[in-house]
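The values are calculated or read from the model by the stated rules, or taken from the named source; none is laboratory data. A quick note: this is a predicted structure, and the numbers were derived from the prediction, not measured. Note: areas computed on protein heavy atoms with side chains; ligands, DNA, RNA excluded. Shrake-Rupley method; radii C 1.70, N 1.55, O 1.52, S 1.80 Å.
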Amino acid sequence: MLTPPDSVRSRNMAAIKAKDTKPEWLVRRMLHAAGFRYRLHVKDLPGRPDLVFPSRRKVIFVNGCFWHGHDCARGRPKAKTNAKFWSDKIAGNRARDARNAAALKKAGWRVLTIWQCQLNKAGLTARLAKFLDR
Ligand SMILES: [Zn+2]
């Protein structure tokens with residue numbers, strides 16, 4: 001259910017992490033069109049998952065490839081300057097993502113991560129529906 005506080009919060013989040021926001025919107029639109037309802041950025045869950053399906057006890061993260069260190073063309077840093085800084089920073093993000101996913105799983109949540117580079121690939125809707133058991 002999309003309640004007003006969540007939509008306000010999601011606008012705030014959009015301002016904060018603009019890089020990750022567009023991919024997230026695509027996934028949200030896709031799920032909404034397929035009839036799924038969800039909560040956004042639930043604060044009291046580890047990592048504040050992008051989409052939360054409380055009754056199914058499932059969460060979805062929509063990750064930007066660069067910031068979350070995906071092993072793909074977009075995920076590899078292009079800049080040679082401050083290479084160490086960025087690789088440390090991204091390694092930190094990856095470690096944090098892994099900790100959050102482990103904490104969620106331990107608490108009985110199932111976790112799906114959708115990467116930015118996967119958004120325009122055929123079959124994403126089917127993959128989402130399969131994860132959500134429908
Ligand atoms: Zn990627």
**Request:** Calculate one ³J(HN,Hα) per residue across the range 106-111 by plugging θ = phi - 60° into the Karplus curve 6.51 cos²θ - 1.76 cosθ + 1.60, and present them in order as whole Hz with x for glycine and proline.
**Result:** 4, 8, x, 8, 9, 10
**Request:** For K84 and K106, calculate 0.36 nm times their separation in residues minus their Cα-Cα distance, and state this gained length in nm to one decimal.
**Result:** 4.6 nm
**Asked** Taking amide hydrogens as modeled 1.01 Å from N in the peptide plane, which residues meet the under 5 Å criterion relative to I114, leaving out close sequence neighbours?
**Response** F61, V62, N63
**Carbon and sulfur %, accessible surface of the range 33-134 computed with the full protein complex present, 1.4 Å** = 54
**Prompt:** Hey, any idea what the orientation-averaged projected area of the convex hull of the range 59-134's Cα atoms comes to, in nm²?
**Reply:** 5.5
**Fill in**
Under the Karplus relation with 6.51, -1.76 and 1.60 and θ = phi - 60°, whole-Hz ³J(HN,Hα) for the range 87-104, x at Gly and Pro, equal 5, 5, 4, 6, 4, x, 4, 5, 5, 5, 4, 5, 4, 5, 4, 5, 5, 5
